[in-house]
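Enquirer: To start, I am sharing the structure in question, which I have written as structure tokens.
The values are calculated or read from the model by the stated rules, or taken from the named source; none is laboratory data. Because the structure is a prediction, the values reported are computed rather than measured. Positions of Cβ are generated from backbone atoms using ideal geometry, with glycine treated the same way; all protein chains shown enter the neighbour counts.
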Amino acid sequence: MTEPTIAVIQSRFASTDVEAEVWVELRPRIVTTAAWSSEAILDAAAEADAVLAGARPQFTAAVLRRLPRCKGLVFNGVGYNNIDMAAATAQGIAVCNVPDYCVEEVATHTILMLLVLARKLPAALEQVRTGQWNARALAPIPPLDEQILGIIGFGRIGQAVAVKAQAFGLTLWVHDPYAEFAHIRQYGALPVSLEDLASHADFISLHSPLTAETRHLVNAALLRRMKPSAAIINTSRGSLIDEAALLEALNRGALRAAALDVLDTEPPAPDHPLLHHPQVLVTPHAGWYSDAAEPRVRRLSAEEVRRILTGQRPRCLLNPEVLA
Ligand code: NAD
């Protein structure tokens, strides 16, 4: 192929130096933008042979239709809910993600949030800061080996969380309608319905992708089932939770706490009520990050673009039917 055009549409990384190194032999024209409106996508990608994109630009059917030369769209992350897969497939665009660049990082971040909530770390720190020194004032703190962790979504990250949580003695319950019960049991976990998990778990951790089916999976009805002593952890996608319903449940004492690495809108408005709620911990979509994960995802996503442009089979093709 003669000197392809590659559009890089993302704001997570400030340069394309890592990517350009992977593409050096293709001698591509690289068009970059950190903006994510439909206009910005079309400005950058209308002539592109391949697109490398982050989570913010929305690749709707209408946008994809206006990328006539595009052979491949590589999402430089895990949750590709910003891409209309059916439309991309109908247009013959190969779509890839990088599903394995930060599994350990996100699982560790999840366990961190669980332990912080379990041991009431914010309250303990606040005590010391205000001149108190009283462990019993933190009660109740039930031991972890008397508590149930409910994992919703048992893919790569859900499984890594299960392995780490077991080391802390937690009892594991899992809800994943697409996972084999036998596979779940191999992790020493009990496969259960969503309703049973919500009613019994002391900690609920979300690890399913954001799809039409999982949007607001945690809604007012599910929150009503949860124990008032329970806490919810979300390191997956913000829109899995109905934030208004979560706030309402916290305010009426129907839920003890929430730890959120992801929100419906990111970055959130500075006055977002969950940011300032005393029972809520928020981190800035940082689960994926480590010094190794960043260059890893950039190299792996750039290599997918290179494979597509040189006629090789991509490593993580999400719509294999386009190559059939
Ligand atoms: P995965 O595809 O390996 O696993 C997802 C699991 O969810 C699958 O087992 C699937 O069967 C299950 N699932 C699908 N629909 C479900 C439903 N309705 N109810 C319950 N389970 C359902 O994905 P993964 O690598 O484990 O990643 C999970 C999510 O984590 C991603 O979709 C992404 O949005 C998010 N993520 C967040 C960060 C971060 O920085 N916080 C980083 C990477 C990934």
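Residues checked against (1) polar (S, T, N, Q); (2) closer than 20 Å to Glu294 by Cα:
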| residue | (1), (2) |
| --- | --- |
| Leu52 | no, yes |
| Gln58 | yes, no |
| Ala62 | no, no |
| Arg69 | no, no |
| Asn81 | yes, no |
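Enquirer: State which residue is surrounded by the most Cβ atoms within 10 Å (Cβ to Cβ) when the search covers only segment 288-315 and only residues that are of a type outside the set (A, V, I, L, M) and over 27 Å from Thr2 (Cβ atoms). Give the derivation first.
Expert: Kept after step one, since they are of a type outside the set (A, V, I, L, M), are these residues of segment 288-315: 288-291, 294-296, 298-299, 301, 303-304, 306-307, 310-315.
Filter again for over 27 Å from Thr2 (Cβ atoms), leaving 288-291, 294-296.
On the way: Trp288: 19, Tyr289: 17, Ser290: 15, Asp291: 7, Glu294: 16, Pro295: 12, Arg296: 17.
Restricting to residues being of a type outside the set (A, V, I, L, M) and over 27 Å from Thr2 (Cβ atoms), the top hit is Trp288.
Enquirer: Right, something else. Quick check on segment 188-205. Is at least one of its residues out of contact with any strand residue (DSSP E or B) (no Cβ under 9 Å at 6 or more places or on another chain), crowded, with 16+ Cβ neighbours inside 10 Å and part of a loop (DSSP other than H, G, I, E, B)?
Expert: So far as segment 188-205 goes, no, none of its residues is out of contact with any strand residue (DSSP E or B) (no Cβ under 9 Å at 6 or more places or on another chain), crowded, with 16+ Cβ neighbours inside 10 Å and part of a loop (DSSP other than H, G, I, E, B).
Enquirer: Oh, and also: Hey, Val95 hits all of (1) more than 16 Å from the ligand (Cβ to nearest atom); (2) within 20 Å of Gly311 (Cα to Cα); (3) not small (Gly, Ala, Ser) but one; which does it fall short on?
Expert: Val95 satisfies every listed condition except (1).
Enquirer: Quick check: is even one residue across segment 26-47 out of contact with any strand residue (DSSP E or B) (no Cβ under 9 Å at 6 or more places or on another chain), assigned by TED's automatic domain parsing to the domain that holds Cys316 and among the acidic types (Asp, Glu)?
Expert: Yes, the conditions are met somewhere in segment 26-47.
Enquirer: On to the next question. Take the residues in segment 138-150 that are touching a residue at least 12 places away in the same chain (Cβ under 8 Å) and among the hydrophobic types (A, V, I, L, M, F, W, C); name whichever of them is surrounded by the most Cβ atoms within 10 Å (Cβ to Cβ).
Expert: Leu149
Enquirer: Where residues in segment 148-167 are closer than 16 Å to Leu112 by Cα, under 18 Å from the mean Cα position of the chain (by Cα) and outside any helix (DSSP H, G or I), which of them is farthest from the ligand (Cβ to nearest atom)?
Expert: Gly150
Enquirer: Sort out for me the strands (runs of 3 or more DSSP E) sitting completely within segment 14-126 that have 3 or more residues that are surrounded by fewer than 23 Cβ atoms within 10 Å (Cβ to Cβ) and without any contact (Cβ under 8 Å) to a residue 40 or more places away in the chain.
Expert: Answer list for segment 14-126: 29-33.
Enquirer: Scan (1) surrounded by fewer than 21 Cβ atoms within 10 Å (Cβ to Cβ); (2) without any contact (Cβ under 8 Å) to a residue 60 or more places away in the chain; (3) outside any helix (DSSP H, G or I) for the single condition Ser208 breaks and write down its number.
Expert: Ser208 satisfies every listed condition except (1).
Enquirer: Since Asp145 meets every condition but one in (1) part of a strand (DSSP E or B); (2) under 23 Å from Ala124 (Cα atoms), which condition does it not meet?
Expert: (1)
Enquirer: Quick one: is Ala137 more than 15 Å from the ligand (Cβ to nearest atom), out of contact with any Phe, Trp or Tyr (no Cβ under 8 Å at 6 or more places or on another chain) and part of a helix (DSSP H, G or I)?
Expert: Here the answer is yes, as Ala137 does meet what is asked.
Enquirer: Another one. What are the pairs with Cβ atoms under 6 angstrom where one residue, in segment 275-301, is closer than 18 Å to Lys120 by Cα and the other, located anywhere, is within 11 Å of the ligand (Cβ to nearest atom) and part of a loop (DSSP other than H, G, I, E, B)? Sequence gap at least six, or different chains.
Expert: Thr283/Asp261
Enquirer: I've got another one for you. Taking Asn319 and the conditions (1) within 16 Å of the ligand (Cβ to nearest atom); (2) closer than 15 Å to Met113 by Cα; (3) more than 16 Å from the chain's Cα centre (by Cα), which numbered condition does it fall short on, given that it satisfies the others?
Expert: Against the list (1) within 16 Å of the ligand (Cβ to nearest atom); (2) closer than 15 Å to Met113 by Cα; (3) more than 16 Å from the chain's Cα centre (by Cα), Asn319 comes up short only on (2).
Enquirer: If you go through segment 221-237 one residue at a time, do you hit one that is of a type in the set (Ser, Thr, Tyr), within 12 Å of the ligand (Cβ to nearest atom) and more than 26 Å from Leu138 (Cβ to Cβ)?
Expert: For segment 221-237, residues of a type in the set (Ser, Thr, Tyr), within 12 Å of the ligand (Cβ to nearest atom) and more than 26 Å from Leu138 (Cβ to Cβ): present.
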